[in-house]
Amino acid sequence: MADRTGFHEHIAEALQNPNLAGALGRFSEAYAISRAKAYEGIDFEKLRDQIVEAKGNAAGKLDVLAGRFEAEATRAGARVFRAGSPEEARDYILRLCRDRGVKRVVKSKSMATEEIHLNQALEKEGMRVKETDLGEWIIQLAGQRPSHMVMPAIHMTKEEVAAIFSKEVKERLAADIPRLVAVARQELREEFLQADLGISGANLAVAETGSLVILTNEGNARLVTTLPRIHVAVVGVEKLVERMADVVPVVRALPRSATSQLLTSYLSVLTGPAPGPEGEQKELHVVLLDNRRTAMGADPRFAQALRCIRCASCLNVCPVFRLVGGHVFGDVYTGGIGAILTAWFDALEASEHIQGLCIQCGNCTQVCPARIDIPEMVVELRRRLAKEQGQPLLQKGIFRIVNDRRLFHSMLRAASLAQKPFARDGMIRHLPFFLSGLAEFRSLPAIARRPFRDRFREIEQPRGLSEKVAFYAGCLVDFAYPGTGEAVVKVLNRAGIEVVFPEAQTCCGAPARYAGSFAVAAQNARDNVAALEGAGASAVVSACPTCTVALTREMAETLEAEGEHEWAVRARKLGEKVVDFSTLVKRLVDQGRLRLVPGEGLPAVTYHDSCHLKRTLRAEKPPRQLLQAVGHEVKEMFESDMCCGMGGSYSLKFPEISKPILTRKLESIRKTGCGTVALDCPGCAMQIQGGLHKAGDAVQVRHLAEIVAERLA
Amino acid sequence: MFEQFQARAQAVSAEVHRFAGAGPALDFVVHTLLAEGVAPEPGRRAVWCPGPILGPPEPERLARELPGLTFEVTRAAAAESKVGVSELDWAIADTGTLAQDATDPRRRLPSMLTETHLAVFRTASLVPDLATLLARVDPRRMRYLTCITGPSRTADIERVLTIGVHGPRRLLVVAVDA
């Protein structure tokens, strides 16, 4: 794996490749629409339940199922070899090839054979090995590795394919896709007919019957499993399900999620060796590959990854993958799930750079048919990596400061003075020296001259209010957007609620947690629990969705992971009282405790969903309802819930990725023609406002609290 | 159920034809073989795996009409054929799929190496979905269950859908009512 500088160079190369950005970008936009169409009339949540049950049940007893499969497949006449490691799998296949005098091999698509680097091993022994899936063949001829689990050659243009094929057939071919496909048919036909050995993977393996289930569109897997006299299937044990009925939900989801089809052209169920085309008895060998999958199944944090059906929908909706592709974001297995699988099948360290690319937006969690939480596992990888390797020095220094609230806050105050020469209209366009990267593609909000915590003391709240709510500001509202905090107080006061501000509150711990620094996040959590639980408040409200998520659930999870059970219990109890601003205000309006006055002739506004508000807190409706209640029409932007590229410290770590994600977001905002973009997250506000300001764009960015505060009865 | 099957099969580029009985279905198959230009030369032949739906064909009459046609399905014959005819045991309505116990490779080959596949099935064998089929068949009594949904396809180059990669470019579904 490349070092850190090398990795950034890879990213730069990918970002500068116009084919890649164009092809992946267009695909991910089209995918969202075609996927939705494929799922029409299907209850996706119910289907997910079925897959979670079938695959989850299997993941918990892989060893038992592998034993059952072995017994049943053997009874049907297959030979089953259970390979613990890639070496064992390769050795078994190589020995078989030697024994049977195999010279020519055809393969249909199999990720497991890529995982064990089988082709190289066979070729080293002098065998002729041909991939027959069109995409895989292109990749093989080009000497590359697949950039996508379902569409291996998505990063290549038809011109590039034509050039590669021309070389192969020694004839100048035009970049005409049907013609290129015809060339593949013709060239590979002879390979199928001449091969002694066909190697396939399997999408599922059924323990109770010893069957393999294979889905393809091109028809190559049927040829691979029929024509050569020997068939070897290399199957990861996570493909095992217990019963034939478990196949059904997976087959319903896989084509829909992978290629937006109701079903692939071909679905084959193989149980033992069938006779060959001349009536001869064929040989079927099934290599069940473990390679740490059983260990993964025993790890409560990672067992869920074994439910993966390899549809790659997580790649298709990922804002980072669609920019950099699978050659940067992944290894054999690509994207976020690829980072997880690489950490296990290869080594934890091998995932170090790849997993860093996850921006934690959670898009993948919405589409995964197996309801796998990739971002959560990525955070766990970071925690383990940080434990093993320690933190980078600079990061360590920063977190040490964040860990000490007084020091952290006094430094922010000092920075407010130091930034003076660079700040204008409350924004910073340029920063000197090593900080310049931070303000390269977006301006930064100037650190407030007086933080919210100071300004709060001067707010005169009405006396004699019956209910008390604690306000949790979070760093951004406290030190960059104190006006948002003041708006929150004003709105709640009008609903008859007194706002208290426990001064000992500190950073919510999200930045440390997402970087894997759980010890720091745990210290933040303890400080916040102690500060907030004693406030005597009926609820804790935050105007930052990331902080809200941290307070409602992540503090408890962090403390639990750090073995601090009692603190975790307290954090969980506190978490039940935490609510985001828009949800709370909508509730107050519904209860008749707060009346909003719709403005006359207000312009339409567009709304940006923050990742945490939409996907973790599932509160996409309240802000829109509030906007309408105060008299704004909401004009939806394209991909309103696509990440803005901020991702907390992500934009500092990968500014080169954060910037193009932001660029797309700004385009979507501009296309609405609205003069205002409303949002609920001060982090998104910082990113989007910064981008607009840097571009000299007049579109206003406004937090819901500020908009609502102007329309109170 | 047939309407759903037909709509779904057509949506994935299969051509669906329905006949009241084996007689007109057989005529259609023969007519199609002629129209496809079946002839006794490599690349233009046809292989036909006979089955119970169309009944035992009259080899002599057909051999006269179609000299490129053989009922002996071998790997060599299939590899030299442009058209394949086979009978399928079931059809799945909600995906427009045909399914077959293909343990005998002679039943499988006509749908694998040819450019055009004529797939004959009995309308009465329609089931609503894959779950029903998998509950009905016992894979332990069947070495190779094959399901076919439309012709062979790929989108591996620039995501452009292209029909006919390694399998048939054209799938004609022949539904027989009685």
message: Tell me whether segment B:1-17 contains one or more residues that are within 14 Å of chain A (Cβ to nearest Cβ) and aromatic (Phe, Trp, Tyr).
response: yes
query: What is the residue count in segment A:50-81 for residues that are assigned to a helix (DSSP H, G or I), closer than 14 Å to A:Leu284 by Cα and away from chain B (no Cβ under 14 Å)?
result: 1
- request: Could you list all residues from segment B:10-40 that are over 27 Å from B:Pro57 (Cα atoms) and buried (at least 19 other Cβ atoms within 10 Å of the Cβ)?
  value: B:Val12
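Do you know which of the residues in segment A:222-245 that are assigned to a helix (DSSP H, G or I) and within 9 Å of another protein chain (Cβ to nearest Cβ) is surrounded by the most Cβ atoms within 10 Å (Cβ to Cβ)?
A:Arg222
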field: Options A:Glu190, A:Glu168, A:Glu136, A:Glu123: the member that is in a helix (DSSP H, G or I), within 25 Å of A:Leu284 (Cα to Cα) and either of a type in the set (S, T, N, Q) or more than 10 Å from chain B (Cβ to nearest Cβ) (or both)
entry: A:Glu123
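Per-residue answers, yes or no, for (1) within 30 Å of A:Asp43 (Cα to Cα); (2) touching a residue at least 24 places away in the same chain (Cβ under 8 Å); (3) under 23 Å from the mean Cα position of the chain (by Cα); (4) facing chain B (nearest Cβ under 10 Å):
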position: A:Val247; (1), (2), (3), (4): yes, yes, no, yes
position: A:Leu254; (1), (2), (3), (4): yes, yes, yes, no
position: A:Thr259; (1), (2), (3), (4): yes, yes, yes, yes
position: A:Ser268; (1), (2), (3), (4): yes, yes, no, yes
position: A:Gly297; (1), (2), (3), (4): yes, yes, yes, no
- line: Within segment B:112-150, the count of residues that are at the interface with another protein chain (Cβ under 7 Å from one of its Cβ atoms) and touching a residue at least 60 places away in the same chain (Cβ under 8 Å) comes to 3
- request: Test each condition in (1) within 23 Å of B:His166 (Cα to Cα); (2) in contact with a helix residue (DSSP H, G or I) (Cβ under 9 Å, 6 or more places away or on another chain) for B:Gln4 and report the one that comes out false.
  value: (1)
- line: If we take segment B:41-118, then helices (runs of 4 or more DSSP H) inside it with 2 or more residues that are farther than 24 Å from B:Leu134 by Cβ are B:59-65, B:75-79
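Please go through segment A:585-608 and give me each residue that is without any contact (Cβ under 8 Å) to a residue 60 or more places away in the chain and either surrounded by 15 or more Cβ atoms within 10 Å (Cβ to Cβ) or aliphatic (A, V, I, L, M) (or both), ordered by number.
Selection gives A:Lys586, A:Arg587, A:Val589, A:Leu602.
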- line: Heads up, the helices (runs of 4 or more DSSP H) in segment A:540-629 (entirely inside) with at least 2 residues that are over 18 Å from A:Thr484 (Cα atoms) are A:555-561, A:565-575, A:581-590, A:621-629
- request: Output the number of residues of segment A:300-312 satisfying the condition of being touching a residue at least 24 places away in the same chain (Cβ under 8 Å), over 21 Å from A:Cys611 (Cα atoms), assigned to a loop (DSSP other than H, G, I, E, B) and not basic (Lys, Arg).
  value: 4
- prompt: Which one of these is in contact (Cβ under 8 Å) with a residue 40 or more places away in the chain, under 26 Å from B:Leu145 (Cα atoms) and either more than 14 Å from every other protein chain (Cβ to nearest Cβ) or not β-branched (Val, Ile, Thr) (or both): B:Val47, B:Val29?
  reply: B:Val29
field: Residues (assigned to a helix (DSSP H, G or I) and farther than 14 Å from A:Ile199 by Cα) located in segment A:98-114
entry: A:Arg98, A:Asp99, A:Arg100
query: Taking segment A:30-71 only, how many residues are under 23 Å from the mean Cα position of the chain (by Cα) and among the charged types (D, E, K, R)?
result: 9
field: Only listed residue being over 16 Å from the mean Cα position of the chain (by Cα) and outside any loop (DSSP other than H, G, I, E, B), chosen from A:Leu284, A:Leu315, A:Leu341, A:Leu323
entry: A:Leu284
- prompt: Among (1) more than 11 Å from chain B (Cβ to nearest Cβ); (2) in a helix (DSSP H, G or I); (3) more than 30 Å from A:Lys282 (Cβ to Cβ), where does A:Arg145 come up short?
  reply: (2)
message: Take the conditions over 16 Å from B:Thr162 (Cβ atoms), part of a helix (DSSP H, G or I) and assigned by TED's automatic domain parsing to the domain that holds A:Thr132 and apply them to A:Ala184. Does it pass?
response: no
- prompt: A:Gly648: surrounded by fewer than 24 Cβ atoms within 10 Å (Cβ to Cβ) and modelled with pLDDT of 95 or more, yes or no?
  reply: no
message: Being facing another protein chain (nearest Cβ under 7 Å) and out of contact with any helix residue (DSSP H, G or I) (no Cβ under 9 Å at 6 or more places or on another chain) is the filter here; which residues of segment B:152-173 pass it?
response: B:Arg153
- request: Looking only at segment A:197-219, decide whether some residue is surrounded by fewer than 20 Cβ atoms within 10 Å (Cβ to Cβ), more than 10 Å from chain B (Cβ to nearest Cβ) and at pLDDT 95 or above.
  value: no
- prompt: Out of the residues in segment A:270-281 that are assigned to a strand (DSSP E or B) and surrounded by fewer than 24 Cβ atoms within 10 Å (Cβ to Cβ), which is nearest to the other protein chains (Cβ to nearest Cβ)?
  reply: A:Pro275
query: A:Ser658: touching a strand residue (DSSP E or B) at 6+ places or on another chain (Cβ under 9 Å) and in a helix (DSSP H, G or I), yes or no?
result: no
field: Set B:Val176, B:Val85: member being away from chain A (no Cβ under 12 Å), within 10 Å of the chain's Cα centre (by Cα) and among the aliphatic types (A, V, I, L, M)
entry: B:Val85
Answer from A:Val181, A:Val224, A:Val234, A:Val213 - the residue that is in contact with a Leu (Cβ under 8 Å, 6 or more places away or on another chain) and touching a residue at least 60 places away in the same chain (Cβ under 8 Å): A:Val234
So A:Ala510, is it touching a helix residue (DSSP H, G or I) at 6+ places or on another chain (Cβ under 8 Å) and surrounded by fewer than 20 Cβ atoms within 10 Å (Cβ to Cβ): no
- request: Residues that are at pLDDT 90 or above: find the helices (runs of 4 or more DSSP H) completely inside segment A:378-470 holding 1 or more of those.
  value: A:452-456
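The values are calculated or read from the model by the stated rules, or taken from the named source; none is laboratory data. Treat the numbers as computed from the prediction; the structure is a model and nothing was measured. Note that we place each Cβ from the backbone using ideal geometry, even for glycine, and neighbour counts take in every protein chain shown.
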